[in-house]
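Step one of this worksheet: look at the structure below.
The values are calculated or read from the model by the stated rules, or taken from the named source; none is laboratory data. In this text, all values refer to a predicted model and were calculated from it rather than measured experimentally. All Cβ positions, glycine included, derive from the backbone under ideal geometry; neighbour counts span all protein chains shown. Please note that ligands, DNA and RNA were not included when accessible areas were found on the heavy atoms of the full protein model with its side chains. Shrake-Rupley method; radii C 1.70, N 1.55, O 1.52, S 1.80 Å.
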Amino acid sequence: QALNKLMGTDVYSTNDQLGGPGIMYPNGISHIVRPDHLSSVKASIDWLSYVPSARGGLLPITDIRGIDEVERPITFTPAAG
């Protein structure tokens, strides 16, 4: 309402138009949009599982062997032209 009063016109009708998922997600501010609160909490917990439990702590995923080996056979040959 403050912006509407300042501008003297109805710039927006809901707070979602100023900063809801329709604005934040396409602009890259939000990385995920969920359909409801419960799935939003679950997604947040999933994201937090990649963050150390203490500042300066080890990453939760410490064994990265075998995910992407540097030395591997090359099996793809691009077509000429």
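Data for the structure
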quantity	calculated
Extended-chain gain in nm, criterion 0.36 nm per residue less alpha-carbon gap, ALA54 and ILE74	3.2 nm
Packing-based order for 71-79, 52-60, using average beta carbon neighbours within 10 Å, highest first	52-60, 71-79
Choice from TYR25, TYR50, TYR12 showing the highest fluctuation, given a GNM over the chain with Cα pairs closer than 10 Å	TYR12
Solvent exposure of the chain as accessible area per residue, Å², 1.4 Å probe	96 Å²
Shape call, region 1-47: gyration tensor on alpha carbons, a/c limit 1.5	prolate
The chain: C-alpha gyration tensor shape, a/c 1.5 cut-off, then a/b vs b/c	oblate
Full-stretch length increase - SER30, ASP46 - with 0.36 nm per residue and alpha-carbon distance subtracted	4.3 nm
3J(HN,Hα) from dihedral phi, region 37-53, Karplus parametrisation 6.51/-1.76/1.60, rounded to Hz, x for glycine, proline	5, 5, 5, 5, 5, 4, 4, 5, 5, 4, 4, 5, 5, 8, 9, x, 6
